Amino acid sequence: MATLNFTQKKGILNTGAEIPLIGLGTWQCKSRDAVVSALLAGYRHIDTAAVYGNEAEVGQAIKDSGVPRQEIFLTTKLGNQWHTRVPEGLAASLQALQTDYVDLYLMHWPCAVDPDDRDKVVPNWDYVNTWIEMQKLPATGKVKAIGVSNFGITHLERLLADAAVKIVPAVNQIELHPCHPSPKLVAYNTAKGIHTTGYSCLGSIDSLLYKNPTIIELAQQKGRSIQQVLLKWGLQKGWSVIPKSANPERIQANFDLDGWELSPEEMKAIDGIPTRFKIFQGGLLPPAMDGKVFLGDDE
């Protein structure tokens, strides 16, 4: 099997645009330094969101890095409180990011939150309505592609079945790691021409993934870190990954994925890990949405 060089390889979206397969996730990261470190290390895909509260830091870091804006694939996300005001939500993000456009704009959740009361949903509003508004954005030149995040099969089926939906999401960004591999959802995305991006691909701090004997043994055998093995597994599965780190050395190590691969037997060993857990349960959503986002239709 030929060695795959993922630091240079890009996925092709259904718009025809290219998406770098390794990106930097910035959830809970308020420091510009991580983004600067990533860009100087060679990353060209930066992922943020309105709800992260760090778009200003990300935008400043891009400028400070000296890397031309056109070389960077920049993703941000529509906050739940902006579902009924999509153009305004995008304008706020662009202003914070100090840019005229984003390469990818995602609906962060299939949930519209009352902007005056974050514990309530907007009555008589549907995420399909939000998508219909988002469909208008590419024509403005302010958004290159639109997509979704945290959508399950049921959400996507309902979205794509609506007669007013003319644009298939370019990306579905979902939690993906060996203990939450979501094979049915990934297969559904692929069948519909939707690129899959995996978040929480390294688990979280003190994640059980770091204690798994199969992953530990493989990392030792390969002479690689546990994080590198986890990222390589995701890349060889065919999706893009957006690991999060604020440590410059680890940011660099997470990008050092060329020149080696996991064999089919090693991939199968990771696939065979029986433990299942989900890191993110939707705690930022209103109580009314409990049990209405993660529907268990992804495995």
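The values are calculated or read from the model by the stated rules, or taken from the named source; none is laboratory data. Owing to the predicted nature of the structure, the values given are computational and were not obtained by experimental measurement. Every residue, glycine as well, gets a Cβ built from its backbone with ideal geometry; the counts of neighbours run over all protein chains shown.
Quick one: is SER65 polar (S, T, N, Q), in contact (Cβ under 8 Å) with a residue 60 or more places away in the chain and within 25 Å of ASP256 (Cβ to Cβ)?
Against the criterion (polar (S, T, N, Q), in contact (Cβ under 8 Å) with a residue 60 or more places away in the chain and within 25 Å of ASP256 (Cβ to Cβ)), SER65 does not qualify.
Just to be sure I understand, how many residues within segment 108-144 are of a type in the set (Gly, Ala, Ser) and out of contact with any helix residue (DSSP H, G or I) (no Cβ under 7 Å at 6 or more places or on another chain)?
2
Given the conditions (1) at pLDDT below 95; (2) surrounded by fewer than 16 Cβ atoms within 10 Å (Cβ to Cβ); (3) among the small types (Gly, Ala, Ser); (4) over 19 Å from GLY23 (Cα atoms), report the number of the one that GLY259 does not fulfil.
(4) is the only condition that GLY259 fails.
Of the residues that sit in segment 178-190 and are free of Cβ contacts under 8 Å to residues at least 60 places away in the same chain and not aliphatic (A, V, I, L, M), which one is surrounded by the fewest Cβ atoms within 10 Å (Cβ to Cβ)?
Result: THR190.
So which of PRO20, PRO87 ends up being surrounded by fewer than 19 Cβ atoms within 10 Å (Cβ to Cβ) and either of a type in the set (A, V, I, L, M) or out of contact with any Cys (no Cβ under 8 Å at 6 or more places or on another chain) (or both)?
Step by step, each of PRO20, PRO87 is checked, and only PRO87 is surrounded by fewer than 19 Cβ atoms within 10 Å (Cβ to Cβ) and either of a type in the set (A, V, I, L, M) or out of contact with any Cys (no Cβ under 8 Å at 6 or more places or on another chain) (or both).
State which residue pairs qualify: first residue under 13 Å from LEU230 (Cβ atoms) and in a loop (DSSP other than H, G, I, E, B) and inside segment 257-282, second residue of a type in the set (Lys, Arg) and at pLDDT 90 or above in any location, beta carbons under 7 Å apart, and separation of 6 or more residues or different chains.
LEU257/LYS232; LEU262/LYS232
For segment 93-113, enumerate the residues that are surrounded by fewer than 17 Cβ atoms within 10 Å (Cβ to Cβ), farther than 19 Å from ALA145 by Cβ and touching a residue at least 12 places away in the same chain (Cβ under 8 Å).
Answer for segment 93-113, where residues must be surrounded by fewer than 17 Cβ atoms within 10 Å (Cβ to Cβ), farther than 19 Å from ALA145 by Cβ and touching a residue at least 12 places away in the same chain (Cβ under 8 Å): just GLN98.
Within segment 43-61, can you find the residues that are of a type in the set (Val, Ile, Thr) and crowded, with 23+ Cβ neighbours inside 10 Å?
Correct list: ILE46, THR48, VAL58.
Taking the stated definitions as given, is LEU40 in a helix (DSSP H, G or I), farther than 22 Å from VAL171 by Cβ and not acidic (Asp, Glu)?
When the stated conditions are applied, LEU40 passes them.
Which one of the conditions (1) surrounded by 17 or more Cβ atoms within 10 Å (Cβ to Cβ); (2) under 28 Å from ILE72 (Cα atoms); (3) free of Cβ contacts under 8 Å to residues at least 40 places away in the same chain does GLU175 fail to meet, given that it meets all the rest?
(3)
Which residues, counting only those in segment 189-215, are of a type in the set (Ser, Thr, Tyr), more than 17 Å from the chain's Cα centre (by Cα) and modelled with pLDDT of 95 or more?
Of everything in segment 189-215, just one residue is of a type in the set (Ser, Thr, Tyr), more than 17 Å from the chain's Cα centre (by Cα) and modelled with pLDDT of 95 or more, namely THR214.
Give me a count of the residues in segment 224-249 that are of a type in the set (S, T, N, Q) and buried (at least 23 other Cβ atoms within 10 Å of the Cβ).
Total satisfying the criteria: 1.
Is there any pair with a first residue in segment 215-229 that is at positive phi and a second that is outside any helix (DSSP H, G or I) and crowded, with 19+ Cβ neighbours inside 10 Å whose Cβ atoms are under 9 Å apart and which are 6 or more apart or on different chains, and what are they?
Listed by first residue and then by second, the contacts come to nothing, as the list is empty.
For a quick check of your reading of the model, give me the residue pairs whose first member lies in segment 151-164 and is without any contact (Cβ under 8 Å) to a residue 12 or more places away in the chain, whose second is surrounded by fewer than 18 Cβ atoms within 10 Å (Cβ to Cβ) and among the basic types (Lys, Arg), with beta-carbon atoms closer than 6 Å and at least 6 apart or on different chains.
Partner pairs satisfying both residue conditions: none exist.
Taking the criterion of being among the β-branched types (Val, Ile, Thr), surrounded by 15 or more Cβ atoms within 10 Å (Cβ to Cβ), within 17 Å of the chain's Cα centre (by Cα) and more than 30 Å from VAL122 (Cα to Cα), would at least one residue in segment 265-276 satisfy it?
no
State all residues of segment 191-223 that are crowded, with 21+ Cβ neighbours inside 10 Å and out of contact with any helix residue (DSSP H, G or I) (no Cβ under 6 Å at 6 or more places or on another chain); if no residue qualifies, say none.
ILE194, HIS195, THR197, TYR199, SER200, LEU209
Return the residues of segment 216-252 that are more than 15 Å from ARG44 (Cα to Cα), aliphatic (A, V, I, L, M) and at pLDDT 95 or above; say none if nothing qualifies.
Selection gives ILE216, LEU218, ALA219, ILE226, VAL229, LEU230, LEU231, LEU235.
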